[in-house]
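One structure below.
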Amino acid sequence: TGYTSYDPGFVNTAPTSSGITYIDGDQGILRYRGYPIEQVAEHSTFLEVAWLLIYGEVPTAEQLEAFDHKVRRHTLLHEDLKRLFDALPHSAHPMSVLSSAVSALSTYYGDSLDPKDPEQVEMSTIRLLAKLPVIAAYAHKKSIGQAFLYPDNDRSFIDNFLWLNFGLMAEPYKENPVLIQALDRLLILHEDHEQNASTSTVRLVGSTEANLFASVSAGINALSGPLHGGANEAVLSMLGDIRDSGEGVHRFVERVKNKEDGIRLMGFGHRVYKNYDPRAKLVKESADAVLKELGVKDELLDIAKELEEIALADDYFIERKLYPNVDFYTGVIYKAMGFPTRMFTVLFAIGRLPGWIAHWREMNQDPHLRIGRPQQLYTGPAERHWPTSR
Ligand code: CMC
């Protein structure tokens, strides 16, 4: 009390210590529990990294198998919960469907809501990891008016997710190791990013002793905005607009620099990375691999590459240290895989879930935990008298 530091956007405020993820924005370094992201992306799988983030170490083969087994056992959604989807319009944004259904999960699992009970926390962790991809796939199927499929628990985590999205379509779903590996890698790259807006939201909500489902649902809503996870969707709309308008990439970049209508180059810039985003490099490699595998020639990828080249050589972007971020190329890949644009941020949410869980659990084990309650600088009127004669 007595001293309030004014810090809009929390640029200089560290409300917590954390042992999960390390970022050096000037040098473009990202590490999960000490392991460089490049090594993590090359050698691991999504659930392995989830374990690493949540429990702190790389799992042994037995630990991973047991974890994978548990997650597979909890993929089914309660049939009543499935009817929640009927109450929402087909036009609903899948991110709103996702956050609503996650919030609703807490109404089914009263036995795993207590943040102070380790067994309950473990149970809600497994339930969320297992059910979020299923809810996400149902949000997709709902938006295209198709029947929901039951999870096929003989399939691996990523394969099952792709099956739930693309099974029983006109084009039969075929397990494709290149696509499975590419999606696995993209989700790994999204798993954690220390105190970003959605993770900070999960922590703030969790600091009130709200349950994990409620905290994650809030995180999904925070992620939905175009300056955060919503950027991957915004990038694709931007690339499509550039193509359709025929104005050319140079003209578009000029409009961004002139801040016409406040437009930004979506997928560029980052609060912490001022050199490059190490994830963007890895995503760009995947974009080339996936499009080649699928034999897709997407002119949006060409526009993206041209945009990147022009921006990286332009003083406006150089002076402001603006580089492609993780979202710049992900949309092109998701599109090639067959996901509609409105599903892109949902994929980000599946990727980020282990990070949210890891932070929520770390916070709840912190003996210094206090409810999050920022200060403000009051700028309203001084005391005045209510107008009794009007
Ligand atoms: N295009 C054009 N100009 C930009 C951009 C951009 N993408 N990003 C920042 N700038 C300019 C901004 O106008 C400002 O210029 P000036 O000093 O002349 O006013 C300067 O760069 C600093 O911008 P800022 O808004 O103060 O930077 P920030 O650190 O508060 O914002 C950001 C970071 C990511 C919100 C921002 O760079 C942005 O809006 N990028 C586009 C959206 C995007 O791609 N978001 C995904 C982020 S990565 C995934 C994730 O973590 O969610």
**OP:** Excluding residues fewer than 8 places away in the same chain, name every one of the lysines whose C-alpha is closer than 27 Å to that of LYS335.
**Re:** LYS82, LYS131, LYS141, LYS142, LYS174, LYS281, LYS284, LYS292, LYS297, LYS305
Original post:
Charges only on Cβ, +1 for Lys and Arg, -1 for Asp and Glu: so what's the dipole of region 251-378 about the Cα centre, in debye to the nearest 20?
Top reply: 600 debye
Subject >> D (Stokes-Einstein, µm²/s), Kirkwood Cα radius, region 63-190, 1.567 mPa s at 4 °C >> reply: 83 µm²/s
Subject >> Order of LEU186, LEU239 - criterion: other Cβ atoms within 10 Å of each residue's Cβ, fewest first >> reply: LEU239, LEU186
Original post:
If you place +1 on the Cβ of every Lys and Arg and -1 on the Cβ of every Asp and Glu, how big does the dipole about the Cα centre of region 138-256 come out, in debye to the nearest 20?
Top reply: 220 debye
**OP:** Could you bin all the Cα-Cα distances of region 231-337 into 10 Å bins starting at 0 and give me the percent of pairs in each, rounded to whole numbers?
**Re:** 15, 50, 30, 5
Original post:
Once the dipole of the chain is set up with Lys and Arg at +1 and Asp and Glu at -1 on Cβ about the Cα centre, which of PRO133, LEU179, ILE37 lies farthest towards its positive end?
Top reply: PRO133
Subject >> Point-charge dipole on Cβ atoms (K/R +1, D/E -1) for the chain, about Cα centre, debye to 20 >> reply: 1020 debye
**OP:** Taking the Cα atoms of the chain, report the difference between the largest and smallest coordinate on each principal axis, in whole Å and largest first.
**Re:** 72, 57, 51
Original post:
What full-extension length gain, to one decimal in nm, is calculated for ASP26 and TRP386 as 0.36 nm per residue of separation minus the Cα-Cα distance?
Top reply: 124.3 nm
**OP:** Would you grab the residues whose amide H sits under 5 Å from the one on ILE29? Only those 5+ places off in sequence or on another chain, please, with H modelled 1.01 Å from N.
**Re:** ASP24
Original post:
Sorted from fewest to most neighbouring beta carbons within 10 Å, what does the list GLU254, GLU42 look like?
Top reply: GLU42, GLU254
**OP:** May I ask you to list, by number, the DSSP H helices of the chain whose Cα span along the axis is at least 24 Å and whose average Kyte-Doolittle hydropathy reaches 0.0 or more?
**Re:** 118-143, 344-364
Original post:
Which of the listed residues, ILE242, VAL332, VAL283, is farthest toward the dipole's positive end in region 230-339, when Lys, Arg count +1 and Asp, Glu count -1 at the beta-carbon?
Top reply: VAL283
Subject >> Calculated FRET value between HIS43 and HIS250, using beta carbons and R₀ = 41 Å, to 0.05 >> reply: 0.50
Original post:
Of the peptides 168-179, 368-379, how do they stack up when ordered by the mean number of other Cβ atoms within 10 Å, highest first?
Top reply: 168-179, 368-379
Subject >> Residues ASP184, ASP68, sorted so that the one with the fewest Cβ neighbours within 10 Å comes first >> reply: ASP68, ASP184
**OP:** Highest first, please rank the peptides 244-251, 45-52, 25-32 by the mean number of other Cβ atoms sitting within 10 Å of their residues.
**Re:** 45-52, 25-32, 244-251
Original post:
Mean 1/r over all different Cα pairs, inverted: what Kirkwood radius does region 157-234 give, in Å?
Top reply: 14.7 Å
Original post:
Applying 1/(1 + (r/R0)^6) with R0 = 45 Å to the Cβ-Cβ distance of ASN153 and THR379, what FRET efficiency is obtained, to the nearest 0.05?
Top reply: 0.20
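Each reported figure results from applying straightforward, stated rules to the coordinates on display, with no laboratory input. For clarity, every value in this text was computed on a predicted model and none was experimentally measured. Every residue, glycine as well, gets a Cβ built from its backbone with ideal geometry; the counts of neighbours run over all protein chains shown.
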